[in-house]
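A short worksheet on the structure shown next.
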Amino acid sequence: MKRLMCALLALCLLMSGLALADEKTYTTLSYGMKDTDATAPAVRALQDRLKALGYMDKSVPTTGGYWSATATALALFQRAAGLTVNGKLASAEAQKALFAADAPAKAGSQSASQDALKYGDRSPQVSALQRRLIELGYLKDKADGDYGPNTAKAVAAFQQARGLTVNGNLASAETIAALNAAAQPAATTAPTATAAPADIKYGTRSAAVAAMQRRLRELGYLKDAADGVYGRNTANAVAAFQRDNGLPVNGNAASAAMLAALSRATAAPTAVPTAAPTPTASHG
């Protein structure tokens with residue numbers, strides 16, 4: 001009997017050790033990781049799982065680069081799973097929940113599948129939209145549930161800042177998802193029809209970056225294509241423009257004041273400057 005008990009105990013210890021050995025560990029993934037980084041396989045697995053659960057559009061390429069589409073989809077999952085919502089940070093806890101056998105699928109959850117809202121609508125859903133715009137600094141009005149002109153302007157400003165299709169009269173499902181996933185205030189004052197452009201930082205990929213690059217090309221500061229990626233050459237061009245126009249020189253950040261000056265500029269420099277900052281990142 002003692003031998004049998006010892007054998008059973010040894011078997012239990014062995015099974016417990018195997019279970020611990022088989023338990024997968026996850027490394028935190030974060031926004032901005034590129035498809036050339038060592039983390040790309042883990043990001044691709046994250047993207048595939050988000051697609052499988054319905055949070056990420058299957059038409060979006062599984063690249064292994066951690067950008068806006070991945071952040072938006074992860075934020076939707078975090079909300080549905082009752083986790084802290086920060087789509088730009090895939091913590092070990094979030095990944096463990098995501099890859100769990102009982103992970104919640106999108107399946108029409110309120111935040112993930114909210115219908116589009118349009119100009120003239122009056123509903124509690126419009127009030128929720130307005131509250132998020134107010135929290136992020138895009139709207140100064142009350143959340144009265146009436147999708148009017150000020151709400152339309154705020155929606156358009158948010159869409160422009162996030163590189164989405166700009167149509168303030170329509171808050172698409174994509175716009176609402178991005179709005180819910182936004183973690184940081186992106187505007188300091190209520191936007192108007194002629195709102196000043198938001199700051200753009202190194203590493204950003206958006207339509208706003210592409211527009212900035214087109215102006216830099218027109219003025220002779222940039223020779224690369226306007227690909228919408230704020231990388232090293234774009235940073236060099238930004239720094240050169242800032243230097244020539246008496247602005248604080250920091251190629252890694254295109255401030256609203258610098259962007260305003262860029263839009264007003266009419267004269268190209270006599271030569272493309274060669275002096276350049278050394279950005280900390282390397283892509284783009």
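What is the diffusion coefficient of the range 200-264 in µm²/s, taking the Kirkwood radius over Cα pairs and the Stokes-Einstein relation at 10 °C with a viscosity of 1.306 mPa s? Show your work: numbers first, answer last.
Numbers: Rh = 11.2 Å.
It comes out at roughly 142 µm²/s.
Give me the number: length gained by fully extending Thr84 to Glu174, i.e. 0.36 nm times residue separation minus the C-alpha to C-alpha distance, one decimal in nm.
Details: separation 90, 0.36 × 90 = 32.40 nm, distance 2.07 nm.
Contour length minus the Cα-Cα distance gives 30.3 nm.
Could you list which residues have their amide H under 5 Å from that of Lys118, counting only those 5 or more apart in sequence or on another chain, with H placed in the peptide plane?
Ala171
Quick one: go through the range 28-43 and flag any residue whose amide nitrogen is under 18 Å from the point 7 Å out along the Cα-to-Cβ line of Lys96.
So the set is 28-30.
Work out from phi, with θ = phi - 60° and the Karplus expression 6.51 cos²θ - 1.76 cosθ + 1.60, the ³J(HN,Hα) of each residue of the range 135-150, listed in order in whole Hz, and give x for Gly and Pro.
4, 8, x, 8, 10, 9, 5, 7, 7, 9, x, 10, 7, x, x, 5
Could you give me the ³J(HN,Hα) list for the range 202-215, computed from phi with Karplus coefficients 6.51, -1.76, 1.60 and θ = phi - 60°, whole Hz, x at Gly and Pro?
Taking θ as phi minus 60°, the curve returns 3, x, 6, 10, 6, 5, 5, 5, 4, 5, 4, 5, 4, 5 Hz for the range 202-215.
Report the extension gain between Asn245 and Val166 in nm, rounded to one decimal, defined as 0.36 nm multiplied by the number of residues separating them, less their alpha carbon distance. Display every interim value, and only then the final one.
Values: separation 79, 0.36 × 79 = 28.44 nm, distance 3.01 nm.
Value of the extension gain: 25.4 nm.
When ranked by the protection proxy of mean other Cβ atoms within 10 Å per residue, highest first, what sequence do the peptides 68-77, 159-168, 31-40 form?
Working: 68-77: 24.3, 159-168: 18.7, 31-40: 15.7.
Top to bottom by mean Cβ count within 10 Å: 68-77, 159-168, 31-40.
Amide H of Asp199 versus every other amide H placed in the peptide plane: which residues, excluding those fewer than 5 positions away on the same chain, fall under 5 Å?
Under 5 Å from the amide H of Asp199 lie the amide H atoms of Ala256, each far enough along the sequence or on another chain.
What list of ³J(HN,Hα) values in whole Hz, one per residue of the range 32-45 in order, does the Karplus curve 6.51 cos²θ - 1.76 cosθ + 1.60 (θ = phi - 60°) give from phi, with Gly and Pro shown as x?
With coefficients 6.51, -1.76 and 1.60, one gets x, 5, 9, 6, 9, 7, 5, 7, 3, x, 5, 5, 4, 5 Hz.
Over 23 Å between C-alpha atoms is what I'm after, so list which of Lys34/Lys58; Lys51/Lys96; Lys34/Lys88; Lys58/Lys118; Lys51/Lys88 land there. Walk me through the intermediate numbers first.
On the way: Lys34/Lys58 20 Å; Lys51/Lys96 16 Å; Lys34/Lys88 13 Å; Lys58/Lys118 26 Å; Lys51/Lys88 17 Å.
Long pairs (Cα-Cα over 23 Å): Lys58/Lys118.
When the label point is put 7 Å from the Cα of Ala40 along its Cα-to-beta-carbon vector, which residues of the range 60-96 have a backbone N closer than 13 Å?
62-66
Run the quick spin-label model on Thr25 and Ile134: label points 7 Å from Cα toward the beta carbon, then report their separation in nm to one decimal.
4.6 nm
When a/c reaches 1.5 or more, the comparison of a/b and b/c decides; with that in mind, is the range 26-99 rounded, prolate or oblate per its Cα gyration tensor? Each step should come with its number before you reach the end.
Numbers: a/c = 1.62, a/b = 1.22, b/c = 1.32.
It is oblate, given that a/c is not under 1.5 and a/b is not larger than b/c.
Throughout, read-outs are computed from the coordinates displayed, never taken from laboratory work. Since we're looking at a predicted model, the values are computed, not measured. Quick reminder, even Gly has a Cβ in these numbers, built from the backbone with ideal geometry, and neighbours come from all protein chains shown.
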